[in-house]
1. Hey, can you tell me all the residues within the range 16-27 that are more than 18 Å from H145 (Cβ to Cβ) and either part of a helix (DSSP H, G or I) or touching a Leu at 6+ places or on another chain (Cβ under 7 Å) (or both)?
2. It is to be established whether one or more residues within the range 103-126 are of a type outside the set (A, V, I, L, M, F, W, C) and at pLDDT below 80.
3. Of all residues in the range 133-180, which are within 22 Å of V81 (Cα to Cα), within 18 Å of the chain's Cα centre (by Cα) and of a type in the set (D, E, K, R)?
4. Within the range 1-27, how many residues turn out to be buried (at least 17 other Cβ atoms within 10 Å of the Cβ), within 21 Å of E178 (Cα to Cα) and either without any contact (Cβ under 8 Å) to a residue 40 or more places away in the chain or in contact with a strand residue (DSSP E or B) (Cβ under 6 Å, 6 or more places away or on another chain) (or both)?
5. Those residues that are free of Cβ contacts under 8 Å to residues at least 24 places away in the same chain and in contact with a Phe, Trp or Tyr (Cβ under 8 Å, 6 or more places away or on another chain), I need them from the range 28-50; list them, please.
6. Can you tell me which residue in the range 166-180 is farthest from R26 (Cα to Cα), limited to those that are polar (S, T, N, Q) and surrounded by fewer than 12 Cβ atoms within 10 Å (Cβ to Cβ)?
7. Give the residue that is nearest to E48 (Cα to Cα), with candidates limited to residues of the range 154-173 that are touching a residue at least 12 places away in the same chain (Cβ under 8 Å) and assigned to a helix (DSSP H, G or I).
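The values are calculated or read from the model by the stated rules, or taken from the named source; none is laboratory data. As the structure is a prediction and not an experimental result, all values here were calculated from the model. Positions of Cβ are generated from backbone atoms using ideal geometry, with glycine treated the same way; all protein chains shown enter the neighbour counts.
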Amino acid sequence: MKPKRIIITGGPGKGKTSIINELSSRNYSCLQEISRKVTLEARGKGIEQLFLIKPLLFSELLLKGRKYQFDEAATITSNFVFLDRGIPDILAYMDYSGDEYPQFFNEECKNNIYDHIFILAPWKKIYISDNERYENFNQAKKIHHQLVKIYEKFNYKLIDVPFYSIKKRTDYILNILENL
């Protein structure tokens with residue numbers, strides 16, 4: 001039996017990585033967000049913000065990494081594999097920034113279907129900018145809107161995660177999955 005691929009998504013600074021880390025600490029199979037890795041690798045090559053300088057290249061690298069994670073998830077022996085973002089997130093960010101992308105990005109979204117999508121809404125109380133997250137809170141709200149729009153475009157039912165502590169948000173997600 002293939003594990004269910006579960007996406008935790010939302011704009012920047014919503015607590016996705018903290019939830020993934022909490023799930024991991026509870027021995028659930030999790031695949032980490034790869035955009036920070038791509039950003040840091042570009043910095044190692046002297047490009048401060050690859051997403052801003054070469055958005056299509058950045059997005060192609062993310063697509064490659066997220067497609068790899070999608071395929072990797074199928075090989076994990078577990079009921080669920082949690083992923084910090086999915087392939088449709090790439091399109092949402094490209095739409096947000098107004099960048100065009102080739103049709104194969106849409107095809108990858110159509111051909112790589114996740115089982116459940118949990119989305120975290122903008123929460124000003126926990127929002128923090130850092131060296132890899134350059135968006136302000138208002139931009140984060142706009143990105144959230146694009147994420148909702150893209151996931152709905154590909155016919156996903158989004159499950160909203162309420163504003164709770166990381167532990168309670170994680171419990172909420174696991175409870176929902178037990179009852180699906």
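1. Residues of the range 16-27 that are more than 18 Å from H145 (Cβ to Cβ), as a first pass: 17-27.
Matches in the range 16-27: T17, S18, I19, I20, N21, E22, L23, S24, S25.
2. Yes, the range 103-126 contains at least one residue that is of a type outside the set (A, V, I, L, M, F, W, C) and at pLDDT below 80.
3. E152, K157, D160, R169
4. Adding up the residues that qualify gives 10.
5. Restricting attention to the range 28-50, the residues satisfying the condition of being free of Cβ contacts under 8 Å to residues at least 24 places away in the same chain are 41-48, 50.
Once the filter is applied, which keeps residues that are free of Cβ contacts under 8 Å to residues at least 24 places away in the same chain and in contact with a Phe, Trp or Tyr (Cβ under 8 Å, 6 or more places away or on another chain), the range 28-50 yields A42, L50.
6. Taking the range 166-180 first, the residues polar (S, T, N, Q) are 170, 175, 179.
From the residues that got through so far, the ones that are surrounded by fewer than 12 Cβ atoms within 10 Å (Cβ to Cβ) too are 175, 179.
Numbers: N175: 14, N179: 19 Å.
For the range 166-180, the residue satisfying everything is N179.
7. So, considering only residues that are touching a residue at least 12 places away in the same chain (Cβ under 8 Å) and assigned to a helix (DSSP H, G or I), the one nearest to E48 (Cα to Cα) is I166.
Yes/no matrix, rows are residues, columns are (1) under 10 Å from the mean Cα position of the chain (by Cα); (2) over 21 Å from I53 (Cα atoms); (3) part of a helix (DSSP H, G or I):
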{"position": "V81", "(1), (2), (3)": "no, yes, no"}
{"position": "I90", "(1), (2), (3)": "yes, no, yes"}
{"position": "D95", "(1), (2), (3)": "no, no, yes"}
{"position": "E100", "(1), (2), (3)": "no, no, no"}
{"position": "F105", "(1), (2), (3)": "no, no, yes"}
{"position": "Y114", "(1), (2), (3)": "no, yes, no"}
{"position": "F118", "(1), (2), (3)": "yes, yes, no"}
{"position": "K125", "(1), (2), (3)": "no, yes, yes"}
